[in-house]
Structures are given as C-alpha cells and as structure tokens.
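Here's the structure we're looking at; comments come further down.
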Amino acid sequence: MSDASHVFIVGLPRTGSTLTRAMVNRSPEVRMSGESRFLSEPTRLGLIQRPGFAEGFRRIGDIRTDVGLERVVDHIYALRGKGYWARLAGLVPRERFAATLGATDRSDRAFLDTAMELFADGRRLRGEKTPHHVHHVPTLLAWYPQARVIHTFRDPRAVYVSLRRKERPEKLTGFGRAARRLGTPFDLYAMANLIHRWRWMARLHRDYATRYPDRYLLLRFEDLVSDPAATAEQLASFLGISFDPAMLEQVVLNSSFAGGGKPAGIDAATVDRWRAHLGRREIGLFARFCGEDLAEFGYGG
C-alpha cells in the first residue's frame, strides 16, 4: 500500500477531531487545514441538506470560464472573519491562488485540492478536517485515490454532554434561543437528534470499513486520550509517516479536554466525565436506543 497523499478527518463534532488534527499536524510531513465545509451537510435528522461552499461558489460563477473564476476568487478575497476560505485569502496572495486554480481542470475536486495544497505550503501530506464530510467519504476517496480517512468516534453520551455544555448563547439564532426555552421538549429533541446521528455514524463506519479497509480508520476518542502514544503511532503507520514524539505535545483550547477555559494537555479523565451530567432518564434513553451499538463499540453501562 502506497503512502497517503491526503488525509481527511471526519465524524460527529466533539469526538476528538481537533485533537487528532493537532496531533497529526505536529509531524513535519503533514499540514492539515481546518474546516472547508466544501460539501453539503445533512441537518434536522437528515431531512435537510445544508449546501456546502462548493455549491455556493458555483452560484457566484462557473470557474471553468475565466470570468467565472475571477468572480469566485474576488468573492473569496472579500470574505472576512476566521472561516477557512477567509483564512486562505489572508495566507496566500490573490494572484497565486487564481493562477494555481486556473492551471487545474477547474473541477470541484481540483478546487478543494488547490486550497489544501496552498494551506500545506510544501508539506508532502495535505488534508482538512470537516466533521460532516463523513457523509462524503466515497466522493473524497474517489477524488483522491491515495487519500486516507480518519473517522473520530466517541461514546454518544459524552458527545451529547459536550455539545450541550459548549453551546454559546450569543451564537444561537432567534429560533434556537426560543427552542431552548421549551425546556424538556427541546432536550428530548436534542437527544433524539444526537442518537439518530450517532447511530448513522455507526452504520457509515460498518460500510466504510468494509469498502475501504486500507484507507479508512475508526479512531475512538477514548483510545486517543487514554493511550495517546499508541494512538499517535497507529496514526503514523496508517498515514505512512514517521512517528514523531512531538505528536504527543498538545495544547488545545477548543476541546472538551481543556477544562476551565485554560489550555490543557491530553486528559484521560474526560472519558467518563459525562456521568456527572446525565440523569437516570437520559442514561436510560441512550441505553434503550443505542444499546447494541454501545456494546459493539466498547461502551458499556
């Protein structure tokens, strides 16, 4: 099996994707960018598809034409904020981005690859981390035949607690704030939504593990924080890179293992922290609807 050309980190939010990306990026051979959100995202129990940036760019202009490409590049370089595409515009001169993209076949595949290449800045292994791209693994592996996919996974009870605790009221829409004032009905909806999504992840894992045994890896958050050294070596082997002790030197802020708003290293205590935040009814609902899957992935009572 040849070494990887690209690496994608996918999975539910709050499953260790940020830590995994940080760990991999400590290798001198790798430079992964953040969340491109290039492809669509299923929302509302999978009933609605939120368009990705690829679709949005196509509405602005057809990059297969020079005029369309200029419109899209102008749009990207007018973006503000901390998003993926705005960061790219702040990192790479406009002329370089336009010339690099223009020299490709101007497909969606080439568009995303151009962005990853420019972010990688000469590193051999490029990639990005968009959790909901877990729904597009077949597309990504068709686009990049030597790519590897890391699917981060975690006990759904811990994911649920982490998502609720990390909510920022100032970022909620008016509808979101009103929904949360419903109290118990909203809590039940949020739990049902998470259970549905987590079980969906389990089904996707079974499919991908069968279809792509050499290019797909399930990485449990619990293994990542309980034995980071073994996990780092596993990741290095999977990606065809040399293990570097620097991969274990982690300080991550936007994470459930960074407590109290202060930077922290890898904390194995996060594995069972959810137990202090769920009542019997909530634990019972997870057991009822996820019981067999919990056992399959090593998540007992």
With label points built 7 Å along Cα→Cβ from the Cα atoms of residue 196 and residue 86, find their separation and express it in nm.
3.1
Order 84-90, 46-52, 26-32 from most to least packed using the mean count of other Cβ atoms within 10 Å.
26-32, 84-90, 46-52
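Only helical DSSP H runs with n ≥ 4 go in: add -39500 (n - 2.57) per run for the chain, normalise by residue count and round the 222 nm mean residue ellipticity to 500 deg cm²/dmol.
-15000 deg cm²/dmol
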Antiparallel %, DSSP beta bridges [both residues in the chain], to 5:
20
Length gain on complete extension for the stretch residue 54 to residue 248, per 0.36 nm per residue less the alpha carbon to alpha carbon distance?
66.4 nm
Hey, what did segment 1-86 get for relative contact order, percent, Cα under 8 Å, at least 6 apart?
16
In Å, descending, principal axis extents of the Cα set of segment 1-52
40, 24, 20
Portion, in percent, of the accessible area of the chain that falls on carbon or sulfur, probe 1.4 Å:
52
Taking R0 as 22 Å, what FRET efficiency do you get between residue 95 and residue 5 from their Cβ-Cβ distance, rounded to the nearest 0.05?
0.25
Note: residue 107 to residue 163 extended length (0.36 nm per residue) minus current alpha-carbon separation gives 16.7 nm
Correct option for Kirkwood radius over Cα pairs in Å [calculated from the coordinates] among [x] 19.9; [y] 20.5; [z] 18.9:
[y]
In Hz, Karplus ³J(HN,Hα) per residue of segment 197-205 (6.51, -1.76, 1.60; θ = phi - 60°; x = Gly, Pro)
5, 5, 5, 4, 4, 4, 5, 4, 4
Extension gain, residue 277 back to residue 64 (0.36 nm per residue minus Cα-Cα distance, nm)
71.5 nm
Given R₀ = 35 Å, what would the calculated FRET efficiency be for residue 207 paired with residue 123, taking r from the Cβ atoms and rounding to 0.05?
0.70
Sequence-distant or interchain residues sharing an amide H contact under 5 Å with residue 218, placed H: which?
151
Could you do me a favour and compute the accessible area per residue for the chain, 1.4 Å probe, result in Å²?
48
For a test of the definition: using alpha carbon positions, the gyration tensor, and the 1.5 limit on a/c, classify segment 17-119 as rounded, prolate or oblate.
oblate
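The values are calculated or read from the model by the stated rules, or taken from the named source; none is laboratory data. Since the structure is predicted, the reported quantities are computational estimates derived from the model, not experimental observations. Reconstructed Cβ throughout: ideal geometry from the backbone, glycine too, with neighbour counts over all protein chains shown. Accessible surface areas use protein heavy atoms only, side chains included; no ligands, DNA or RNA. Shrake-Rupley method; radii C 1.70, N 1.55, O 1.52, S 1.80 Å.
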